[in-house]
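*Asks:* My structure is below; once you've seen it, I'll send some questions.
The values are calculated or read from the model by the stated rules, or taken from the named source; none is laboratory data. Small disclaimer: the values here were computed from a predicted structure and weren't measured. Cβ coordinates were reconstructed from backbone atoms using ideal geometry, including for glycine residues, and neighbour counts include every protein chain displayed. To get the accessible areas, we keep the full protein, side chains included, count just its heavy atoms, and leave off ligands, DNA and RNA. Shrake-Rupley method; radii C 1.70, N 1.55, O 1.52, S 1.80 Å.
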Amino acid sequence: MRLFTVRSVPITSWSSHDPFNLRPNPKTLLLLTIGLLLFGAGEALLIAGGIGVSPWTVIAQGVGITVGIGIGAATLAVSLVVLLFWIPLRQRIGIGTVLNAIIISVTIEFLLPYLPAFESTSVNILQACVGTIVVGLGSGIYLIANLGPGPRDGLMTGLQRVSGAPVASVRAAIELIVVLGGWLLGGTVGIGTLIFAFGIGPAVSAGLFITARCSRK
């Protein structure tokens, strides 16, 4: 299915012509923000489910435990390390790269107190699945905005470009490596982590496909 075999980030009429664009079209900036809000909402749903966090949060937990710092500082440290990998991949930083860290973290912080905690495992699994899908859709929107991907997605798009492999396969491979490293460092892994690790690749690919398809209408 073409939905899950997207090999590059599509370009639409509202995509920025340059990731370095400091004066983007208001529509582009608005859609970028919506994408990042969705990403944060999806992460919050996953965390609220209580059955395992996303791989990048797992590795942040592991780094925090190993180094002796809080989850916020550990997340920032992981992001900075990921950005170092951008150098050989020749990835570029833009407005979206900066807003990624700010909007997603604020959205998670704001939404978590309002999200219910269910005792049913089946409901929590469903919540983790929905959260993963929402993250994928949000990723598709803000990547197409082309105002600079966040650290994680910049690594994904860079590796996809040099390897030529499908986006879904590249993202899934990255998530699996990250969750294994986080677990070895002491991070918490659960059913929700596995759902995200295996589901985020197809979800991002679907998000890119759906966003590009809707933009043509």
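*Asks:* Largest first, what is the accessible-area ranking of 175, 109 with a 1.4 Å probe? Kindly include the intermediate steps, with their values, before the conclusion.
*Replies:* Details: 175 0, 109 140 Å².
Highest to lowest solvent-accessible surface, that is 109, 175.
*Asks:* Using Cα-Cα distances under 8 Å and only pairs 6 or more residues apart, what relative contact order does the chain have, in percent? Show your work: numbers first, answer last.
*Replies:* Working: 410 pairs, mean separation 87.6, N = 217.
Once divided by the residue count of the chain, the mean separation gives 40 percent.
*Asks:* Residue 102 to residue 5: FRET efficiency via 1/(1 + (r/R0)^6), r the Cβ-Cβ distance, R0 35 Å, to the nearest 0.05? If you can, show how the numbers build up before the last one.
*Replies:* Working: r = 32 Å, r/R0 = 0.93.
For R0 = 35 Å, the calculated efficiency reads 0.60.
*Asks:* Multiplying the sequence separation of residue 216 and residue 83 by 0.36 nm and subtracting their Cα-Cα distance, what value in nm do you get?
*Replies:* On the way: separation 133, 0.36 × 133 = 47.88 nm, distance 3.25 nm.
Here the segment from residue 216 to residue 83 would lengthen by 44.6 nm.
*Asks:* Another question, if that's okay. For the stretch 135-143, take each phi angle, set θ = phi - 60°, evaluate the Karplus expression 6.51 cos²θ - 1.76 cosθ + 1.60, and give the result in whole Hz per residue in order, putting x for glycine and proline.
*Replies:* Result, rounded to whole Hz: 4, x, 5, x, 4, x, 5, 6, 5.
*Asks:* Starting from the exponent 0.38 and prefactor 2.2 Å, build the expected Rg for the stretch 26-128 from its residue count and divide its actual Cα Rg by it.
*Replies:* This ratio for the stretch 26-128 stands at 1.20.
*Asks:* Express in nm, to one decimal, how much length is gained between residue 23 and residue 173 on full extension, taking 0.36 nm for each residue of separation and deducting their alpha carbon distance. Walk me through the numbers on the way to the answer.
*Replies:* On the way: separation 150, 0.36 × 150 = 54.00 nm, distance 3.47 nm.
The residue 23-residue 173 span can extend by a further 50.5 nm.
*Asks:* Still on this structure, please answer the following. What does the C-alpha gyration tensor say about the overall shape of the stretch 80-162? Classify as rounded when a/c is under 1.5, otherwise prolate if a/b is larger than b/c, or oblate. Mind dumping the intermediate values first?
*Replies:* Numbers: a/c = 2.59, a/b = 2.01, b/c = 1.29.
Prolate, since a/c reaches 1.5 and a/b exceeds b/c.
*Asks:* Continuing with this model, one more query. For the chain, what does the accessible surface come to per residue with a 1.4 Å probe? Please give it in Å².
*Replies:* 49 Å²
*Asks:* Follow-up question, since we're still on this one. Could you pull out every residue, at least 5 positions away or on a different chain, whose amide H is within less than 5 Å of the one on residue 91? Hs are placed 1.01 Å off N in the peptide plane, and Pro or chain starts have none.
*Replies:* none
*Asks:* Here is a further query. Compute the Cα gyration tensor for the stretch 107-217, then decide on rounded, prolate or oblate, letting a ≥ b ≥ c be the square roots of its eigenvalues: rounded whenever a/c is under 1.5, prolate when a/b is larger than b/c in the other cases, and oblate in all that remain.
*Replies:* On the way: a/c = 1.90, a/b = 1.28, b/c = 1.48.
Oblate, because a/c is 1.5 or more while a/b does not exceed b/c.
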